[in-house]
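Step one of this worksheet: look at the structure below.
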Amino acid sequence: MTNSHPESVDGKRERLVRSATDLLYRHGVDSPTLAEIAHAGGVPPGNVYYYFKTRDELVGSVIDARAAGLRQLLDSLDRRSNPRARLKALARAWVANRDDIAAHGCPIGSLCSELNKRDRGLDQRAATIIATAADWLTDQFRQLRHEEARELAMTMLATVQGAALLTNTLRDPSILSTQIRRLERWIDSLAGPDT
(Lines give C-alpha, C1' and ligand atoms only; values in the text may rest on other atoms or scores of the structure.)
Protein backbone atom coordinates (compact mmCIF):
# COMPACT_ATOMS: atom_id res chain seq x y z
CA MET A 1 0.00 0.00 0.00
CA THR A 2 1.41 3.37 -1.00
CA ASN A 3 1.32 6.24 1.49
CA SER A 4 0.83 9.61 -0.20
CA HIS A 5 2.20 11.38 2.88
CA PRO A 6 5.83 11.47 3.98
CA GLU A 7 6.70 8.81 6.51
CA SER A 8 6.85 10.07 10.05
CA VAL A 9 9.40 7.87 11.75
CA ASP A 10 9.59 10.22 14.73
CA GLY A 11 5.81 10.70 14.97
CA LYS A 12 5.81 14.35 13.94
CA ARG A 13 3.03 13.92 11.42
CA GLU A 14 0.87 12.09 13.95
CA ARG A 15 1.58 14.76 16.59
CA LEU A 16 0.57 17.47 14.14
CA VAL A 17 -2.71 15.67 13.37
CA ARG A 18 -3.44 15.16 17.08
CA SER A 19 -2.71 18.78 17.95
CA ALA A 20 -4.71 20.04 14.95
CA THR A 21 -7.62 17.78 15.90
CA ASP A 22 -7.62 19.20 19.42
CA LEU A 23 -7.10 22.86 18.50
CA LEU A 24 -9.61 22.87 15.65
CA TYR A 25 -12.17 21.33 18.00
CA ARG A 26 -11.54 23.85 20.76
CA HIS A 27 -11.01 26.98 18.63
CA GLY A 28 -12.63 26.33 15.25
CA VAL A 29 -11.32 25.30 11.87
CA ASP A 30 -9.89 28.66 10.83
CA SER A 31 -8.66 29.99 14.16
CA PRO A 32 -5.45 28.16 15.11
CA THR A 33 -2.44 29.09 13.05
CA LEU A 34 -0.16 26.40 11.65
CA ALA A 35 2.52 27.67 14.04
CA GLU A 36 0.15 27.16 17.01
CA ILE A 37 -0.69 23.67 15.79
CA ALA A 38 3.01 22.86 15.39
CA HIS A 39 3.86 24.26 18.82
CA ALA A 40 1.04 22.27 20.49
CA GLY A 41 2.36 19.13 18.78
CA GLY A 42 5.94 19.77 19.79
CA VAL A 43 6.99 20.08 16.15
CA PRO A 44 9.09 22.92 14.70
CA PRO A 45 6.76 25.14 12.65
CA GLY A 46 8.97 24.78 9.59
CA ASN A 47 8.25 21.05 9.52
CA VAL A 48 4.50 21.47 8.97
CA TYR A 49 4.84 21.92 5.21
CA TYR A 50 7.00 18.83 4.93
CA TYR A 51 4.05 16.72 6.09
CA PHE A 52 1.17 18.86 4.79
CA LYS A 53 1.49 20.93 1.64
CA THR A 54 -1.58 23.03 2.50
CA ARG A 55 -3.67 23.85 5.55
CA ASP A 56 -6.59 22.06 3.88
CA GLU A 57 -4.48 18.91 3.63
CA LEU A 58 -3.95 19.08 7.40
CA VAL A 59 -7.68 19.68 7.94
CA GLY A 60 -8.32 16.65 5.71
CA SER A 61 -6.14 14.60 8.03
CA VAL A 62 -8.19 15.85 10.98
CA ILE A 63 -11.32 14.65 9.17
CA ASP A 64 -9.64 11.28 8.62
CA ALA A 65 -8.70 11.10 12.32
CA ARG A 66 -12.27 11.87 13.38
CA ALA A 67 -13.59 9.25 10.93
CA ALA A 68 -11.14 6.66 12.26
CA GLY A 69 -12.12 7.46 15.83
CA LEU A 70 -15.80 7.01 15.02
CA ARG A 71 -15.12 3.76 13.17
CA GLN A 72 -13.13 2.47 16.15
CA LEU A 73 -15.99 3.35 18.51
CA LEU A 74 -18.58 1.69 16.27
CA ASP A 75 -16.41 -1.41 15.89
CA SER A 76 -16.14 -1.67 19.67
CA LEU A 77 -19.92 -1.30 19.99
CA ASP A 78 -20.45 -4.06 17.41
CA ARG A 79 -19.07 -6.51 19.98
CA ARG A 80 -22.16 -5.96 22.14
CA SER A 81 -24.77 -8.70 22.13
CA ASN A 82 -27.70 -6.96 20.45
CA PRO A 83 -28.75 -3.77 18.67
CA ARG A 84 -30.49 -2.33 21.73
CA ALA A 85 -27.29 -2.63 23.75
CA ARG A 86 -25.26 -1.15 20.90
CA LEU A 87 -27.59 1.83 20.43
CA LYS A 88 -27.70 2.58 24.15
CA ALA A 89 -23.91 2.27 24.43
CA LEU A 90 -23.51 4.83 21.65
CA ALA A 91 -25.91 7.14 23.47
CA ARG A 92 -23.87 6.74 26.66
CA ALA A 93 -20.68 7.58 24.75
CA TRP A 94 -22.17 10.98 23.97
CA VAL A 95 -23.09 11.51 27.63
CA ALA A 96 -19.55 10.60 28.67
CA ASN A 97 -18.35 13.60 26.63
CA ARG A 98 -21.01 16.06 27.83
CA ASP A 99 -18.56 18.44 29.52
CA ASP A 100 -16.43 18.75 26.38
CA ILE A 101 -19.58 19.15 24.30
CA ALA A 102 -20.78 21.91 26.65
CA ALA A 103 -17.44 23.69 26.22
CA HIS A 104 -16.81 23.13 22.50
CA GLY A 105 -19.79 21.42 20.83
CA CYS A 106 -19.94 18.01 19.20
CA PRO A 107 -16.50 17.31 17.74
CA ILE A 108 -17.92 15.82 14.56
CA GLY A 109 -21.03 17.98 14.21
CA SER A 110 -19.10 21.21 14.79
CA LEU A 111 -16.41 20.22 12.32
CA CYS A 112 -18.99 19.35 9.66
CA SER A 113 -20.94 22.54 10.28
CA GLU A 114 -17.87 24.75 10.04
CA LEU A 115 -16.59 23.07 6.90
CA ASN A 116 -20.02 23.32 5.30
CA LYS A 117 -19.59 27.11 5.32
CA ARG A 118 -16.49 26.83 3.11
CA ASP A 119 -16.29 25.93 -0.55
CA ARG A 120 -13.18 23.74 -0.69
CA GLY A 121 -14.55 20.21 -0.93
CA LEU A 122 -13.72 19.37 2.68
CA ASP A 123 -17.39 19.74 3.59
CA GLN A 124 -18.34 16.67 1.57
CA ARG A 125 -15.42 14.72 2.97
CA ALA A 126 -16.46 15.59 6.54
CA ALA A 127 -20.09 14.74 5.78
CA THR A 128 -19.02 11.14 5.23
CA ILE A 129 -18.41 10.89 8.99
CA ILE A 130 -22.06 11.72 9.69
CA ALA A 131 -23.08 9.35 6.89
CA THR A 132 -21.05 6.57 8.54
CA ALA A 133 -22.88 7.13 11.82
CA ALA A 134 -26.24 7.25 10.02
CA ASP A 135 -25.50 4.01 8.16
CA TRP A 136 -24.45 2.23 11.36
CA LEU A 137 -27.55 3.45 13.20
CA THR A 138 -29.74 2.40 10.27
CA ASP A 139 -28.28 -1.08 10.44
CA GLN A 140 -29.00 -1.29 14.18
CA PHE A 141 -32.64 -0.27 13.69
CA ARG A 142 -32.96 -2.76 10.81
CA GLN A 143 -31.74 -5.47 13.16
CA LEU A 144 -34.58 -4.42 15.46
CA ARG A 145 -36.84 -5.16 12.47
CA HIS A 146 -37.99 -1.61 11.80
CA GLU A 147 -38.88 -0.84 8.19
CA GLU A 148 -38.34 2.88 8.80
CA ALA A 149 -34.78 2.24 10.03
CA ARG A 150 -33.25 5.18 8.14
CA GLU A 151 -35.79 7.62 9.56
CA LEU A 152 -35.18 6.30 13.07
CA ALA A 153 -31.42 6.71 12.56
CA MET A 154 -31.93 10.31 11.48
CA THR A 155 -34.19 10.96 14.48
CA MET A 156 -31.47 9.71 16.81
CA LEU A 157 -28.76 11.76 15.08
CA ALA A 158 -30.94 14.88 14.96
CA THR A 159 -31.78 14.53 18.65
CA VAL A 160 -28.13 14.20 19.62
CA GLN A 161 -26.90 16.98 17.34
CA GLY A 162 -29.67 19.32 18.48
CA ALA A 163 -28.97 18.51 22.12
CA ALA A 164 -25.23 19.02 21.52
CA LEU A 165 -25.89 22.43 19.96
CA LEU A 166 -28.08 23.51 22.88
CA THR A 167 -25.66 22.04 25.42
CA ASN A 168 -22.83 24.04 23.88
CA THR A 169 -24.80 27.24 23.33
CA LEU A 170 -26.18 27.30 26.86
CA ARG A 171 -23.05 25.68 28.38
CA ASP A 172 -25.30 23.21 30.16
CA PRO A 173 -24.25 19.52 30.10
CA SER A 174 -27.53 18.49 31.71
CA ILE A 175 -29.35 19.18 28.42
CA LEU A 176 -27.42 16.42 26.69
CA SER A 177 -27.79 14.08 29.66
CA THR A 178 -31.56 14.59 29.74
CA GLN A 179 -31.96 14.03 26.00
CA ILE A 180 -29.82 10.90 26.09
CA ARG A 181 -31.96 9.46 28.91
CA ARG A 182 -35.00 10.12 26.72
CA LEU A 183 -33.27 8.44 23.78
CA GLU A 184 -32.51 5.39 25.91
CA ARG A 185 -36.18 5.06 26.85
CA TRP A 186 -37.12 5.54 23.20
CA ILE A 187 -34.66 2.81 22.17
CA ASP A 188 -36.17 0.50 24.79
CA SER A 189 -39.67 1.18 23.45
CA LEU A 190 -38.53 0.43 19.88
CA ALA A 191 -36.61 -2.69 20.84
CA GLY A 192 -39.40 -4.39 22.71
CA PRO A 193 -38.96 -6.88 25.53
CA ASP A 194 -37.21 -9.65 23.55
CA THR A 195 -34.21 -7.74 22.15
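Results, tabulated for the structure shown:
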{"read-out": "At least 15 Å along the helix axis (C-alpha) and Kyte average at least -1.0, DSSP helices within the chain", "value": "55-77, 83-96, 122-143, 149-170, 173-191"}
{"read-out": "At R0 = 35 Å, FRET efficiency that the Cβ-Cβ distance of Arg79 and Ala40 yields, to 0.05", "value": "0.55"}
{"read-out": "Projected label distance in nm at Asp139 and Met154, using a 7 Å step from Cα toward the beta-carbon", "value": "2.1 nm"}
{"read-out": "Relative contact order, percent, region 45-195 [alpha-carbon distance under 8 Å, six or more residues apart]", "value": "29 percent"}
{"read-out": "With every protein chain in place, the chain: carbon and sulfur % of accessible area (1.4 Å)", "value": "51 percent"}
{"read-out": "Sites Glu14 and Tyr49, calculated FRET efficiency, Cβ-Cβ separation with R0 22 Å, nearest 0.05", "value": "0.85"}
{"read-out": "Extreme residue, positive dipole direction of region 110-191, given options Ala158, Gln124, Leu170 (C-beta unit charges)", "value": "Leu170"}
{"read-out": "Accessible area (Å², per residue) of region 11-111, counting only protein heavy atoms and a probe of 1.4 Å", "value": "47 Å²"}
{"read-out": "All Cα pairs of region 94-165, percent lying beyond 20 Å", "value": "38 percent"}
{"read-out": "Of Glu36, Glu14, Glu148, the one that fluctuates the most in a GNM where the chain has Cα springs shorter than 10 Å", "value": "Glu148"}
{"read-out": "Inter-label distance, nm, simple model (7 Å from Cα along the C-beta direction), Thr178/Thr33", "value": "4.3 nm"}
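The values are calculated or read from the model by the stated rules, or taken from the named source; none is laboratory data. A quick note: this is a predicted structure, and the numbers were derived from the prediction, not measured. Every residue, glycine among them, receives a Cβ derived from its backbone with ideal geometry; neighbour counts consider all protein chains shown. All accessible areas refer to the heavy atoms of the entire protein, side chains included, with ligands and DNA or RNA removed. Shrake-Rupley method; radii C 1.70, N 1.55, O 1.52, S 1.80 Å.
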